[in-house]
Amino acid sequence: MKVTELRPMLWTEDLKGTVDFYVETLGFKCNKHREDWGWTSLSIDEGGIMFSRPNEHVPYDKIGCTGSFYFNTEDVDAWWEKLKDKAEVCYEIENFEYGMREFAIYDNNGYLLQFGQEIDE
């Protein structure tokens, strides 16, 4: 048995705003979008994510996530320059003792997005 891909499915109450944020701000590609289903599939390089409106299959109270989504990048400083003025910043770019240079922003839904790169020794 083999897992061929892991693609998170997140809820959003603002599907259009979410597609706009991920495509226009982050540079994702919209692969499929079904407004009638309240669903979209997005990708960037080797990563992908799906968003849907809450539906009757799962109990729903509010949008939320207890963790974050971590983007490993080849040029975290370029990402920082691109995003620092376009999204709400959680923490600014810095080097951490665990060997990563990273920063974090929030998307339009309040999901935490972290961007990092290994620090060359």
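Key figures for this structure:
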{"item": "From the coordinates shown, Cα extents along the principal axes in Å corresponds to which of [x] 49, 41, 26; [y] 31, 31, 29; [z] 67, 37, 17", "result": "[x]"}
{"item": "Beta bridge orientation in region 1-54: antiparallel %, DSSP, nearest 5", "result": "80 percent"}
{"item": "Charge sum, other residues only, whose C-beta stays under 13 Å from Trp39's C-beta, Lys/Arg counted +1 and Asp/Glu -1", "result": "+3"}
{"item": "Paramagnetic reach from Tyr60 in region 25-43 [backbone N under 17 Å; point 7 Å along Cα→Cβ]", "result": "34-41"}
{"item": "Beta bridges by DSSP in the chain, antiparallel share as percent, to the nearest 5", "result": "75 percent"}
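Taken together, the values in this text are just the output of simple stated rules run on the coordinates, not laboratory data. Note that this is a predicted model, so its numbers are computed, not measured. Because the Cβ atoms are built from the backbone with ideal geometry, glycine has one as well, and the counts that use them run over all protein chains shown.
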